[in-house]
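J.: Below is a structure I'd like to ask you about.
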Amino acid sequence: PARGGLLTQGSTLTVGGDEASMVTRGLFILHDFLHSAVGSAPPCADTTPVPIQPGLSQRAIALGRLANPSCGGCHSRFEPLAFALEKFDGVGAFHEQDELGNPLREDGAIRLPGSDRELAYASAAGFMDLLAASDRVRMTFTRKLAQFALGRPMVESDGPAPDVSHRQALGTDGGTYHALLAAIVRSDLFQTVRTEPSTPIPQ
């Protein structure tokens, strides 16, 4: 019952590596579900993974980083996004405790990019429900599906075309996958090809 949806599939959970890194998983959700980003760690930052210890789980280590003024400013934007997945190890297996006996949790609170309030959840399922209800996540899905259909990444010159397809899909059957796919295929983004202006050949 703890498993369901994209984020708890083994193929997704392995993105955190063998240690189920809060950093890697949090960045993955921030980038690939919420279409947001943070800057790289400063050159002076020690990015060596901190091993778990008795009484010090992955979440406890992450909370230490969040409390550090030199780390918390950036890490608070992505590490809490991984807290709901703490019970899943680096290969996706579910545990109530880690190998050192530290109890693991799946509750927490997140602040989605662009929001000024935190949203609490009690379980991984509740966390995924919050993401699924976010229009930002839906828009990211639209962009990813559009770039898959085009066979290339989205670029600035594509303009508002993905947003138009997104709104059209929401207005048809409440934004189902079928409606979104149809909106993308009917869009100018998919049906037209941009050509570069011809450059005169030097004489």
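The values are calculated or read from the model by the stated rules, or taken from the named source; none is laboratory data. Small disclaimer: the values here were computed from a predicted structure and weren't measured. No Cβ is skipped: glycine too gets one built from the backbone with ideal geometry, and neighbour counts run over all protein chains shown. SASA here: full protein model, heavy atoms, side chains in, ligands and nucleic acids out. Shrake-Rupley method; radii C 1.70, N 1.55, O 1.52, S 1.80 Å.
J.: Would you mind calculating the gained length between residue 2 and residue 94 on full extension (0.36 nm times residue separation, minus the Cα-Cα distance), in nm to one decimal?
T.: 32.3 nm
J.: Mind checking the angle between helix 177-186 and the chain's longest principal axis? C-alpha axes, 0 to 90 degrees, to the nearest 10.
T.: 30
J.: How much length, in nm to one decimal, is gained on full extension between residue 117 and residue 74, taken as 0.36 nm per residue of separation minus their Cα-Cα distance?
T.: So the extension gain works out to 13.8 nm.
J.: Given contacts defined as C-alpha pairs under 8 Å and at least six residues apart, what's the relative contact order of the range 83-203, whole-number percent?
T.: In percent, rounded to a whole number, it is 13.
J.: Also: Counting other Cβ atoms within 10 Å of each Cβ, which trypsin sites (Lys or Arg not before Pro) in the range 1-99 have at most 15 and sit in a DSSP loop?
T.: Answer by residue number: 3.
J.: Which one, 147, 110, 125, projects farthest toward the positive side of the charge dipole computed for the range 102-149 from Cβ point charges (K/R +1, D/E -1)?
T.: 147
J.: Order these peptides, 93-100, 4-11, by their mean beta-carbon neighbour count within 10 angstrom, highest first.
T.: On the way: 93-100: 12.5, 4-11: 14.0.
The packing order, highest mean first, is 4-11, 93-100.
J.: Further, regarding this structure: Percent of accessible area on the range 15-72 owned by carbon and sulfur, 1.4 Å probe? Present the calculation step by step, with values, prior to reporting the outcome.
T.: On the way: 1990 of 3270 Å².
Of the solvent-accessible surface of the range 15-72, carbon and sulfur hold 61 percent.
J.: While we're looking at this one, here's another question. For log10 I(q)/I(0) by the Debye sum over Cα atoms at q = 0.08, 0.16 Å⁻¹, pick the label among (1) -0.36, -1.07; (2) -0.31, -1.03; (3) -0.26, -1.05 that corresponds to the value derived from the coordinates.
T.: Answer by label: (1).
J.: Between the range 91-151 and the range 23-85, what is the C-alpha centre distance in whole Å?
T.: First find each Cα centre; the distance between them is then 14 Å.
J.: In the range 74-118, carbon and sulfur make up what percent of the accessible area (probe 1.4 Å)? Don't jump to the answer; show the numbers that get you there.
T.: On the way: 1110 of 2320 Å².
C and S fraction of accessible area: 48 percent.
J.: Using alpha carbons only, how many degrees (0 to 90, rounded to 10) separate the axis of helix 161-170 from the longest principal axis of the chain?
T.: Helix 161-170 sits roughly 70 degrees off the main axis of the chain.
J.: What do you get for the angle between helix 22-32 and the principal long axis of the chain? Use alpha-carbon atoms, 0 to 90 degrees, nearest ten.
T.: 20
J.: Can you give the accessible area per residue of the chain, in Å², using a 1.4 Å probe?
T.: Per residue, the chain has 60 Å² of solvent-accessible surface.
J.: Determine the calculated [θ] at 222 nm for the chain from helices alone, applying -39500 (n - 2.57) to every DSSP H run no shorter than 4 residues and normalising by the residue count; nearest 500 deg cm²/dmol.
T.: -11500 deg cm²/dmol
J.: Using unit Cβ charges (K, R positive; D, E negative) and no other charged atoms, how large, in debye to the nearest 20, is the dipole of the chain about its Cα centre?
T.: Once rounded to the nearest 20, the dipole reads 440 debye.
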